[in-house]
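No value in this document is a laboratory result; all are computed from the given coordinates. All values derive from a computational prediction rather than experimental measurement. All Cβ positions, glycine included, derive from the backbone under ideal geometry; neighbour counts span all protein chains shown.
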Amino acid sequence: MIDVKEIYLWLVRLMSLMSSWHRKNQVIYLMSFGDNVPFIEALVAALPAGTKVTVFYRPQQQAAAARLAQRGIETVIFRDDLGFVFKGIPRIMRARLIFCDNYYAFLGGLRHPKQMRIVQVWHAVGAIKRFGWDDPTTVDRSASDKRRFQAVYDHFDEVVVASPAMGQVFATSYHLSPKRMQVLGYPRSDRLLDPKWLTTTRERVYREAPALAGHRVIVYAPTYREGVTFAPPAGLAAALTSDPDARVVVKLHPALVAQSPHLQQALGDQLVTAKGLSTTELLTVAETLITDYSSVAFDYSLLPNAHSLLFYLFDLSTYKLGPGVQPDLLDWLPSPALTDNDQLTAAIQQDAAVDFTQFNSHWNRANDGKATQRVVARYVALLTN
């Protein structure tokens, strides 16, 4: 049976070999998430004059790409197809520095010259879920899948992290040396500590969702469960609305929204729809965040308005089987794990303040509002030395 993925990577390898003579004097950013747009802008501003920067973006990041294009930064739509192999790879091979905010399969076939540095700037601060080799389901993947996975991981010369704890997670999950980890902080976290951004964002939230003003705001944001139908337990709606003065916003992963109409209908008058607002924007006015295995918890804990963070792990026993959770999860959660509706109801009604000190020391150590400055300084120096 023909393995289409292997053929694709073979073509990537061939084209990168044919283009390996290109002078390495450019910067490439591979963008699946739009949260690092300010970082890209800061990087461009700090680079030596004449350094060309190109952003290859996934189609869903059209708005972020448009913002960059308005500032004179070249953007190119990115799809894993033959067009990218024959037109994109030659451009990639001109890069001395490549930033990646996600897993990009084509890297597994790319020729990696010594003068090219590939840096991962991940889209999440910490890790509750397991991934990579630490995912319990990886052992069941085919030998060719495993080879491709490790080929991608091996291409990361450096991995930017916000804490030694996250560095260890990547080292274990990617089978990489801890020496490749750079504890610089995540640029995308800087805005969460910026009073100006917070004020502007809150004004936008209340303008777009005025029903939230004057109420306790509870945001329920469960993670995406790949290949799993989202089926919250019966009675969840009653738990979420157990504080009559609260207003509840449900923010599900886009792939799950169509699967949850019954939950949203059951919330009744306390539900506030906020389709035009991102989860991050809503967190700036949330007194309580309820989540499970989502990395949104690490963002929320940095906000000055963060009051209570509740982990509603109703399917923990099955979720441990795949993709799994970090083995020490219960040791560093800032609040007790809640596994049923009664526990969730009690926690919502109690509304106890959570002390995030140890949690942030563990995961957000370098997320101090100056991460962009440090990351830009390191990689501009790399280009100029």
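Across region 324-332, rounded Karplus estimates of 3J(HN,Hα) from the backbone phi angles (6.51 cos²θ - 1.76 cosθ + 1.60, θ = phi - 60°) give x, 10, 4, x, 9, 3, 5, 7, 10 Hz, Gly and Pro being marked x. Derived scalar couplings between HN and Hα for region 353-362 equal 5, 9, 8, 8, 4, 5, 4, 6, 5, 6 Hz in order, rounded to whole Hz, by the Karplus curve 6.51 cos²θ - 1.76 cosθ + 1.60 (θ = phi - 60°), x for Gly and Pro.
Peptides 361-374, 82-95 ordered by packing proxy, namely the average of other Cβ atoms within 10 Å per residue, highest first: 361-374, 82-95. The 3J(HN,Hα) values that the Karplus relation (6.51, -1.76, 1.60; θ = phi - 60°) gives for region 41-50 are, in residue order, 5, 5, 5, 4, 5, 8, 6, x, 4, x Hz. Gly and Pro appear as x. Computed over the alpha carbons of the chain, Rg followed by Dmax gives 21.7, 67 Å.
Can you tell me the orientation of helix 371-384 relative to the chain, as the angle in degrees between its alpha-carbon axis and the longest Cα principal axis, to the nearest 10? Helix 371-384 and the main axis of the chain meet at about 0 degrees.
Placing a label point 7 Å from the Cα of ARG365 along the Cα-to-Cβ direction, the residues of region 102-142 whose backbone N falls under 15 Å of that point are 126-127. A simple count of charges around PRO59, restricted to other residues whose Cβ falls under 13 Å of its Cβ and scoring Lys, Arg +1 and Asp, Glu -1, yields 0. On full extension, the segment bounded by ASN102 and THR384 gains 98.9 nm, given 0.36 nm per residue less the C-alpha separation.
Taking the chain as the reference, fit the longest principal axis to its C-alpha atoms, fit the long axis of helix 143-154 to the helix C-alpha atoms, and give the angle between the two in degrees, 0 to 90, nearest 10. The answer is roughly 80 degrees. Each label point was placed 7 Å from the Cα along the Cα-to-Cβ direction; for TYR224 and MET18 their separation is 3.3 nm. Evaluated with a Cβ-only charge set (Lys, Arg +1; Asp, Glu -1), region 1-140 carries a dipole of roughly 700 debye about its Cα centre, given to the nearest 20.
Here the label points at TRP10 and ALA46, each 7 Å from Cα along the C-beta direction, are separated by 4.3 nm in the simple model. Other residues within the sphere of radius under 14 Å centred on the Cβ of LEU192, judged by their own Cβ, net out at -1 (K and R +1, D and E -1). Taking every C-alpha pair closer than 8 Å and separated by at least 6 residues, the mean separation divided by the residue count of region 195-363 gives a relative contact order of 25 percent. Exposure proxy for LEU252, LEU14, LEU212, LEU289: other Cβ atoms within 10 Å of each Cβ, ordered fewest to most, give LEU14, LEU252, LEU212, LEU289. Placing a label point 7 Å from the Cα of SER142 along the Cα-to-Cβ direction, the residues of region 7-48 with a backbone N closer than 11 Å are 7. Computed packing ranks the peptides 241-250, 96-105 as 96-105, 241-250, most packed first, by mean other Cβ atoms within 10 Å.
What net charge do the residues around ALA346 carry, taking every other residue with its C-beta under 13 Å from that of ALA346, with Lys and Arg at +1 and Asp and Glu at -1? Net charge around ALA346: -4. How far is helix 341-350 tilted off the main Cα axis of the chain, in degrees rounded to 10, range 0 to 90? Long axis of 341-350 versus the principal axis of the chain: about 80 degrees. Spin-label model, GLN150 to ALA337: label points 7 Å out along the Cα-to-beta-carbon direction sit 3.1 nm apart. In the chain, the DSSP-assigned H stretches of four residues or longer account for a calculated mean residue ellipticity at 222 nm of -9500 deg cm²/dmol, using -39500 (n - 2.57) per stretch and the full residue count as denominator. Ordering LEU383, LEU107 from the fewest to the most neighbouring beta carbons within 10 Å gives LEU383, LEU107.
Taking 0.36 nm per residue of sequence separation and removing the Cα-Cα distance, the HIS215/PHE86 pair yields an extension gain of 41.0 nm. Packing-based ranking of 311-319, 173-181 yields 311-319, 173-181, ordered from highest to lowest mean Cβ neighbour count within 10 Å.
Distance distribution P(r), region 195-363, all Cα-Cα pairs, bin width 10 angstrom from 0: 10, 40, 38, 12, 0 percent.
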